[in-house]
Amino acid sequence: MKKLILVTSPPACGKTFISRELSKALKNIVYLDKDTLIGLSKQIFVVAGEEYNRSSDFFQKNIRDYEYNVILDLALEALDYANMVLINAPFTEEIRDLEWMAELRKTLAGKGAELVLIWVETDPEVCRQRMIKRNSDRDTWKLENWDEYIASCDFTRPADIPELVVFPNSSDEEYKNSLEKTAKYILEK
């Protein structure tokens, strides 16, 4: 059966590294990273004359949902040509929305595909250290306003999702164990 794999979590939990390594382990997979769309999103800030801040009300209102819709549309289209598609994107709001999840399952069923949802579980302080280390402009506001930012993030494991695979990732040892288990689970499913 075809599979849509969503690798999800708040920012800096390790989604990109995990997604790339998991894609290598699974082989013959379409890999999509929502961060690829950031170049287009930055241009929207420029054209609108807005400060570049991916945590702003402007971003939430005019950019965020469009990024998710586009990356999901690309994945659904790819499922017409491939058996496995992986999206690396937070999806933190969407996966907690029961209607959104039901609609996604229905759409996937129409394509003969199933959902695999990977929740990357990482300690918030580890995330902060990773943001500092990656030194990306998308994290500037977050790091400068850490208490406000972290209060807006939901690090709790999503509930009531039968497709949920938890990927502990607060240390190298957790990562290695989780990668092996997750790849095996997806290949045998």
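Data overview
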item: Positions within the range 27-63 being over 26 Å from LYS111 (Cα atoms), surrounded by fewer than 16 Cβ atoms within 10 Å (Cβ to Cβ) and among the basic types (Lys, Arg), in sequence order; result: LYS42, LYS61
item: Which listed residue is touching a strand residue (DSSP E or B) at 6+ places or on another chain (Cβ under 9 Å), of a type outside the set (D, E, K, R), over 16 Å from ILE71 (Cα atoms) and not in a helix (DSSP H, G or I), from ASN28, ASN53; result: ASN28
item: Members of the range 145-179 found to be in contact with an Asp or Glu (Cβ under 7 Å, 6 or more places away or on another chain) and surrounded by 15 or more Cβ atoms within 10 Å (Cβ to Cβ), listed by number; result: VAL166, PHE167, PRO168, ASN169, SER170, LEU179
item: All positions within the range 78-92 that are surrounded by 13 or more Cβ atoms within 10 Å (Cβ to Cβ) and either without any contact (Cβ under 8 Å) to a residue 40 or more places away in the chain or over 25 Å from ASP139 (Cβ atoms) (or both); result: ALA78, LEU79, ALA82, ASN83, MET84, VAL85
item: Test result for LEU117, at pLDDT 95 or above and touching an Asp or Glu at 6+ places or on another chain (Cβ under 6 Å); result: yes
item: The range 80-96, residues that are closer than 27 Å to ARG157 by Cα and part of a loop (DSSP other than H, G, I, E, B); result: ALA89, PRO90, PHE91, THR92, GLU93
item: Of all residues making up the range 107-139, the number that are over 16 Å from the mean Cα position of the chain (by Cα) and under 25 Å from GLU188 (Cβ atoms); result: 8
item: Extreme residue, surrounded by the most Cβ atoms within 10 Å (Cβ to Cβ), among residues of the range 97-144 that are part of a loop (DSSP other than H, G, I, E, B) and touching a residue at least 40 places away in the same chain (Cβ under 8 Å); result: THR122
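The values are calculated or read from the model by the stated rules, or taken from the named source; none is laboratory data. These numbers come from a predicted model, not from an experiment. Using ideal geometry, Cβ is built from the backbone for each residue, glycine included, and neighbour counts are taken over all protein chains shown.
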